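Below is one structure, written out as structure tokens; comments come after it.
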Amino acid sequence: MNQLQRLKTLFLVLIITAPAISRANAETPDVMALATLDRFMIAFNDQDIKAWAATLHYPHVRFASSRVMIYDSATAFEDRSVFPALQAAGWHHSLWTRHTVTLSSDTKVHIDTEFERRNADNETIGRYRSLYIVTKKDGHWGIQARSSLAP
């Protein structure tokens, strides 16, 4: 991903998260969970699987494509090929188009999301709803589970 695309992604992240951040002066669970989603998306778009894995808690559960995947560790999550198949389908980057907190406590936040996959011309090639469950463990927020309608 080139520098201009990274700046565009960061700009979109800031636009989407600004309302949540402006409503809270403290590091509330909702703000921390949404920031975790933003770190997830940045690492994903950078194709940095180690940074992407660092946004998750383990075991990590993913429901997608009529399958349930359980990753017991960051090593298990990192030990797979993700990006070539996405690129073969025309993927260049993804972005959040919506995220709404639906349930929140001091240690767990459920977020109803929608994201788009885009090609190198920034054209939408897919839009998908998903649910992310972000938890706080040992003082760190991470995505514990996600369920997506994406293939």
What's the number of the only condition in (1) of a type in the set (D, E, K, R); (2) under 15 Å from Gln144 (Cα atoms); (3) under 11 Å from the mean Cα position of the chain (by Cα) that Glu114 fails to meet?
(2)
Given the criteria touching a helix residue (DSSP H, G or I) at 6+ places or on another chain (Cβ under 8 Å), outside any helix (DSSP H, G or I), in contact (Cβ under 8 Å) with a residue 24 or more places away in the chain and not β-branched (Val, Ile, Thr), does Phe115 qualify?
yes
Out of Trp141, Trp96, Trp91, Trp52, I need the residue that is surrounded by 15 or more Cβ atoms within 10 Å (Cβ to Cβ), part of a loop (DSSP other than H, G, I, E, B) and at pLDDT 95 or above. Which one?
Trp91
When residues of region 118-130 are limited to those that are in contact (Cβ under 8 Å) with a residue 24 or more places away in the chain and assigned to a strand (DSSP E or B), the one farthest from Ser73 (Cα to Cα)
Ile125
Reported set for region 27-49 where residues are of a type in the set (Val, Ile, Thr) and not in a helix (DSSP H, G or I) is Thr28
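The values are calculated or read from the model by the stated rules, or taken from the named source; none is laboratory data. Note that the coordinates shown come from a computational prediction; the quantities given were computed from them, not determined experimentally. No Cβ is skipped: glycine too gets one built from the backbone with ideal geometry, and neighbour counts run over all protein chains shown.
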